[in-house]
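Participant: This is the structure I want to talk about, given as structure tokens.
Bear in mind these aren't lab numbers, they're just calculated from the coordinates by the rules spelled out. This is a predicted model, so every value here is computed, not measured. Glycine also receives a Cβ, built like all others from the backbone with ideal geometry; neighbour counts cover every protein chain displayed.
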Amino acid sequence: MAMSPTAMVARRALAAASQGSHEGGARTWKILSFVLALPGVGVCVANVYMKMQAHSHDHPEFVPYPHLRIRTKPWPWGDGNHSLFHNSHTNPLPTGYEGPHH
């Protein structure tokens, strides 16, 4: 069965349109990366830097709430009072913060 000339023209037009719509995809994403993504990362870095500058490095006041830092049995490592990922600058023990920054 032979195609009519109109159908052949329509098929060529659809093929050309579908091929042409995908040619600029990589270029579009490259432009979006430079115009949107990189400045967005820059704004995030600036925000973190400003928050670090304004952040106080003092401990908050320790309040020994009875429902926090409950030890029913000691941890199986170290002295039994420090968690595995204990950070003495940010994590208080049941008795308060350790070190000279009380």
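Participant: If each of Leu68 and Ile31 carries a label point 7 Å out from its Cα toward its Cβ, how far apart are those two points in nm?
Facilitator: 5.2 nm
Participant: Sticking with this structure for a sec: If each of Val45 and Glu98 carries a label point 7 Å out from its Cα toward its Cβ, how far apart are those two points in nm?
Facilitator: Result for the modelled spin labels: 3.6 nm.
Participant: For Thr28, Thr72, which order do you get if you count the other beta carbons within 10 Å of each Cβ and list the fewest first? Before the final figure, lay out the partial values.
Facilitator: Details: Thr28 10, Thr72 4.
Going from least to most buried by this count: Thr72, Thr28.
Participant: Please give me the summed charge of the neighbours of Tyr97: other residues whose Cβ is under 12 Å from its Cβ, Lys and Arg +1, Asp and Glu -1.
Facilitator: Numbers: positive: Arg69; negative: Asp58, Glu61, Glu98.
Spelling it out: positives minus negatives among the neighbours equals -2.
Participant: Let me ask another. Rank these for me by crowding, Ser88, Ser4, going from fewest to most other beta carbons within 10 Å.
Facilitator: Details: Ser88 12, Ser4 8.
So the residues, fewest neighbours to most, are Ser4, Ser88.
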